[in-house]
Structures are given as structure tokens and as C-alpha cells.
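Notes follow once the structure below has been shown.
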2 protein chains.
Amino acid sequence: MESRNELDVFRQHLKKNHMRYTPEREQIIREIFSTHDHFDVESLYLRMRQKGLTISKASIYRIIPLLVDAELISEVYYEDGHMHYEHIFGHEHHCHMRCTRCRRIEEFTDPRLHLIEQELGERFGFQVKGHNMEVYGLCGECRQSES
Amino acid sequence: MESRNELDVFRQHLKKNHMRYTPEREQIIREIFSTHDHFDVESLYLRMRQKGLTISKASIYRIIPLLVDAELISEVYYEDGHMHYEHIFGHEHHCHMRCTRCRRIEEFTDPRLHLIEQELGERFGFQVKGHNMEVYGLCGECRQSES
DNA sequence: GTATCTGCAAACCCTTTGCAATAAG
DNA sequence: CTTATTGCAAAGGGTTTGCAGATAC
């Protein structure tokens, strides 16, 4: 398999499902993959507007599920009343360590999780597709400024 | 420390925060702890109404955060447009294995996760408070009926 | 008595959807 | 040309909130 970038993956996913590769869809995926950060609909919308792109929020809401289906992005967490997303394509699978006070997030990977995941699949008769682990607590800075 | 039940914990939490132990609050915590299942606001509301309790949804929405603060329950996942909760008090910490097709959920515990959590805390300088792990895939039944 | 709590209804906010115009293939 | 997509504005649905009356302490 030769190297494909996120645009290729998206185009292929759309073609397979008889959907069209529109300028709006290309603009969204380009914008999302222009950073490595988590994002949400509002911030994505504002970023695009600031760059002069005139996409509507309705389109963003309609296109994000396509990117999730294509396994280019995924939902990470629901907070402050709305969903947050992260990149999947081009990013090694990772888990999150979250500071419950300042909300800072560190990413980590641990090969033991994969092993555990496989064992659990056998124990419960599941065909395991993946896992997500979140570790939470107070980050170094917030520990010190604890009240 | 002698044994305290969820009502004692809640009463103490309320007293500490200059809040009051009302009939509505007692009814809610009794209802929640009458089963071991995950729940959401709507199902809790309906269950209480069916039992003739005349609490309002507004009160449920106001009381649930108090139970979360008291570490009696916690948010588990956001799905179908609303939050789902589970018991913490009286339940050994556990993680979830979720079928992505039928949404069936199995609970499991694995002592290695605690070890990993501690190691990560040291690596990132976090004071770790806990973790959540979710493993997802297809359960035994759904594997067989795969299209 | 005083501060908190409840129920109601309205407000809020994120998300979805109907529709008519537009555009991809 | 045919069918999918867009933007708009309105609708939807879960959650929050202002307020006046009720109640815990």
C-alpha cells in the first residue's frame, strides 16, 4: 500500500459511498489537518471564517460524521455542552491524561493496553476493535497551587 | 471508619456545603441506588413518576451534580444526545467493554490498569486520581450476525 | 426568621432538518 | 441530466435558569 494522505482517504471514502468531493469538504479536512490539536465545531467554524472561508455551520455538522465514518477523526470527549474531536489518521493511537483542574491534556501510549484489550476480548467473546483509556488527576502545576 | 451508606454520605456532603436534606433529594438518591444499572435523567424521571413520586425534571437536573460532587455517582458516557451516569459509591471501580453494534456493556476490572495509572502519574508529574478505560468492538452475538 | 429549595415555564445552546437553489459527476 | 450538497432559517431536544411560593434548619 503506497502512502495516502487524509485527502486521498476522504476522496475514496466519499466515492465508495456515492458522495461528492465538494470544495466545502476539502476545505474542512484541510483545516482540521492543518493542526494536531483537538477541536470542536465552534472553533473550527471560527478558524475557517477568519481565513475567509464561508462555510456554514450546518455543513460542518453534516461533514464531521463523514470524517468520523472514514476513520479520519473521532469523538474524544463531551465537555462544556458540546463534543470535541481529535485526529485519528496519521496519528498513532494514544490515550489521554487529563488535569481535572486546568483541563490540560497529555497524550500517552502504552503497549500493555493492547495486550489487556486482547485478553478481555477473549474473556468476553468480543471481537475487539480498540480501546480508549483516560487517566485523570492534578497536573504538576495544579498540585502546587492546590487550595 | 464505620460503615456509612449512600444516604449518610449524601447528608454529610450536604451539611458540609450548607445545603439541605430535602425529601426530593432523598427520593432521588434512594431511587438511583435501588438498582445497579447505568441511568439517565429521562429514565430516572419516568421511574420516579411511575412510583408516584412527583419530582420535577428541573430538580433532577439540579440534584445530579450534587451527587457527582459527593462522589456517589459519575458521568459515564454521552450518547443519544444526553449524558448517562453510573454508581460509584458501593461499587468497585470498573471499566467498560462496549459492543458498538447492540450497545451491550460488560464491566470488568484489571489490576494492571492501576499499576499503569501510577506509572503514568510519575512520568508526567501528575497526582493521579483515577482512570477510565473503555474497550469496544463486537460482542459474541453481533459478530455472528455481521452483515 | 432566614437562606435554601422546589416546580413551572421560558430561555439557552448545541445540533439537526426542510427546503429551494446550486453544483458534482 | 440526475442526484447529492449547500446555506439559511426554523425546529428539536437536552439542560439551565428566573422567579415566586414553600420549606429545612
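Kindly check whether there is at least one residue in the range A:46-61 that is within 8 Å of DNA strand D (Cβ to nearest atom) and under 26 Å from A:Ile105 (Cβ atoms).
Yes - at least one qualifying residue is present in the range A:46-61.
Starting from the range B:6-26, take each residue that is within 14 Å of chain A (Cβ to nearest Cβ) and list its partners that are within 12 Å of DNA strand C (Cβ to nearest atom) and part of a loop (DSSP other than H, G, I, E, B), counting only C-beta distances under 9 angstrom and pairs at least six apart or across chains.
From the range B:6-26, no pairs qualify.
(1) in a helix (DSSP H, G or I); (2) in contact with a Ser or Thr (Cβ under 7 Å, 6 or more places away or on another chain); (3) open to solvent by less than 60 Å² (accessible area, probe 1.4 Å): which one isn't true of A:Leu67, the others all being true?
(2)
Taking B:Leu115, is it in contact (Cβ under 8 Å) with a residue 40 or more places away in the chain and either within 16 Å of DNA strand D (Cβ to nearest atom) or in the same structural domain as B:Cys142 (by TED's automatic domain parsing) (or both)?
No.
Quick check on this structure: which one of B:Met48, B:Met83 is at pLDDT 95 or above and within 11 Å of chain A (Cβ to nearest Cβ)?
B:Met83
Pick from B:Gly130, B:Gly140, B:Gly121, B:Gly90: which is farther than 18 Å from A:Gly130 by Cα and either assigned by TED's automatic domain parsing to the domain that holds B:Arg4 or surrounded by fewer than 14 Cβ atoms within 10 Å (Cβ to Cβ) (or both)?
That would be B:Gly90, the only listed residue that is farther than 18 Å from A:Gly130 by Cα and either assigned by TED's automatic domain parsing to the domain that holds B:Arg4 or surrounded by fewer than 14 Cβ atoms within 10 Å (Cβ to Cβ) (or both).
The values are calculated or read from the model by the stated rules, or taken from the named source; none is laboratory data. These numbers come from a predicted model, not from an experiment. Quick reminder, even Gly has a Cβ in these numbers, built from the backbone with ideal geometry, and neighbours come from all protein chains shown. Note: accessible area is taken over every heavy atom of the protein model, side chains too, but ligands, DNA and RNA are not part of it. Shrake-Rupley method; radii C 1.70, N 1.55, O 1.52, S 1.80 Å.
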